[in-house]
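To keep things clear, I will list the structure first and then write my remarks on it.
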Amino acid sequence: MSTAPQLVVHHDKELMAQAAAARLITKIVDAQASRGYASVVLTGGRNGNGLLAALSSAPARDAIDWGRLDLWWGDERFLPEGDPERNVTQAREALLDSVPLDPHRVHAMPASDGPYGKDADAAAEAYAGELAKASGPENHGTVPTFDVLMLGVGPDTHVASLFPELPAVRETERMVVGVHGAPKPPPTRITLTLPAIRAAREVWLLAAGEDKATAAAIALSGAGEIQAPAAGAYGRSRTLWLLDAAAASQLPRSLYPPASP
Ligand SMILES: O=C1O[C@H](COP(=O)(O)O)[C@@H](O)[C@H](O)[C@H]1O
């Protein structure tokens, strides 16, 4: 069952990143208070890294019990360990290296010089196995019920490494797949699929900047998920689009009415 998207539009991308970071802190602290731990899926890209950087400089970040936080990734660029273009490398720089995480709870996707060598499909299968191991009877299948899963939105409406019309976005069985021939470099990637994304309690789509305006308008105007993968990303209990005014500038007025005078 899909949840109708809710929209929050901030003045600019800096404010959006700060507000999203504050929202994430509250979610994590609440989940830890009620269950003992929290699980979050990170995204790569400018907006995801902007949020992590904002979280890093938010004084309230110390409210999080970092040792009881599980981190997963929505996708990864299949490159050697430590490559500056890897999403995990960028996340480490923006935040992860400066907080006391439990390394056993940081579930980076495999690198192209790791145990699976250049075989992105085998690496994807291994990540699916790691997710399945972390999924208990209280979850709904072979993927944990993440508290929050974040996704950047590409100008072509891609989310994670689910690009329009490529086989990965059509996947209905597997939770993680290898991606070959991605239109955005690098061509080889690993990604959660739409069924895995939809296992999350809350899915947050982050879109800031003019170059995201068309993508946001298309995805929020009833487009199909094969042509516009962002349209197929929703959470079990909430789907939240966090935008700045530039990214919201082409939304239909019924979704984003002009501000009151
Ligand atoms: O390559 C990727 O791009 C998307 C969007 O990134 P952005 O810089 O246009 O915001 C990102 O969400 C994804 O994780 C990443 O691998």
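The values are calculated or read from the model by the stated rules, or taken from the named source; none is laboratory data. For clarity, every value in this text was computed on a predicted model and none was experimentally measured. Please note: Cβ atoms are built from the backbone with ideal geometry, for glycine as well, and neighbour counts cover all protein chains shown. Accessible surface areas use protein heavy atoms only, side chains included; no ligands, DNA or RNA. Shrake-Rupley method; radii C 1.70, N 1.55, O 1.52, S 1.80 Å.
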Item to complete: Give the residue, chosen from Thr239, Thr214, that is β-branched (Val, Ile, Thr) and either farther than 23 Å from Ala21 by Cα or open to solvent by 40 Å² or more (accessible area, probe 1.4 Å) (or both).
Response: Thr214
Item to complete: Answer with yes or no whether Gly224 is surrounded by fewer than 24 Cβ atoms within 10 Å (Cβ to Cβ), at pLDDT 95 or above and part of a strand (DSSP E or B).
Response: no
Fill in: Exclusive hit being open to solvent by less than 60 Å² (accessible area, probe 1.4 Å), in contact (Cβ under 8 Å) with a residue 12 or more places away in the chain and charged (D, E, K, R), set Asp113, Asp121, Asp75
Asp75
Practice prompt. Collect the residues in the stretch 187-198 that are in contact with a Phe, Trp or Tyr (Cβ under 7 Å, 6 or more places away or on another chain) and either open to solvent by less than 10 Å² (accessible area, probe 1.4 Å) or more than 15 Å from the ligand (Cβ to nearest atom) (or both), keeping them in residue-number order.
Written response: Arg189, Ile190, Arg198
Worksheet, complete the sentence: Reported set for the stretch 200-211 where residues are open to solvent by 10 Å² or more (accessible area, probe 1.4 Å) and within 13 Å of the ligand (Cβ to nearest atom) is Gly209, Glu210, Asp211
Discussion item. Restricting to the stretch 19-44, count the residues that are under 17 Å from the mean Cα position of the chain (by Cα) and either charged (D, E, K, R) or open to solvent by 20 Å² or more (accessible area, probe 1.4 Å) (or both).
Written reply: 4
Worksheet item: Are there any pairs with C-beta distances below 8 angstrom linking a residue in the stretch 155-184 that is among the polar types (S, T, N, Q) to a residue that is within 12 Å of the ligand (Cβ to nearest atom) and not in a strand (DSSP E or B), with the two at least 6 apart or on different chains, and if so which?
Response: Thr157/Ala215; Thr157/Pro229; Thr157/Ala230; Ser161/Ala182
Item to complete: Please tell me if Pro167 is open to solvent by 40 Å² or more (accessible area, probe 1.4 Å) and either near the ligand (Cβ under 10 Å from one of its atoms) or under 21 Å from Leu220 (Cβ atoms) (or both).
Response: no
Worksheet item: Hey, does the stretch 135-149 have a residue that's surrounded by 18 or more Cβ atoms within 10 Å (Cβ to Cβ) and within 12 Å of the ligand (Cβ to nearest atom)?
Response: yes
Response to the item:
Of all strands (runs of 3 or more DSSP E) fully inside the stretch 131-205, the set with 3 or more residues that are closer than 22 Å to Asn49 by Cβ and among the aliphatic types (A, V, I, L, M) is 148-152
Worksheet item: Just a yes or no: is a residue in the stretch 100-115 of a type outside the set (Asp, Glu), more than 14 Å from the ligand (Cβ to nearest atom), out of contact with any Phe, Trp or Tyr (no Cβ under 9 Å at 6 or more places or on another chain) and in a helix (DSSP H, G or I)?
Response: yes
Item to complete: Could you tell me whether any residue of the stretch 55-63 is among the acidic types (Asp, Glu), modelled with pLDDT of 95 or more and within 15 Å of the ligand (Cβ to nearest atom)?
Response: no
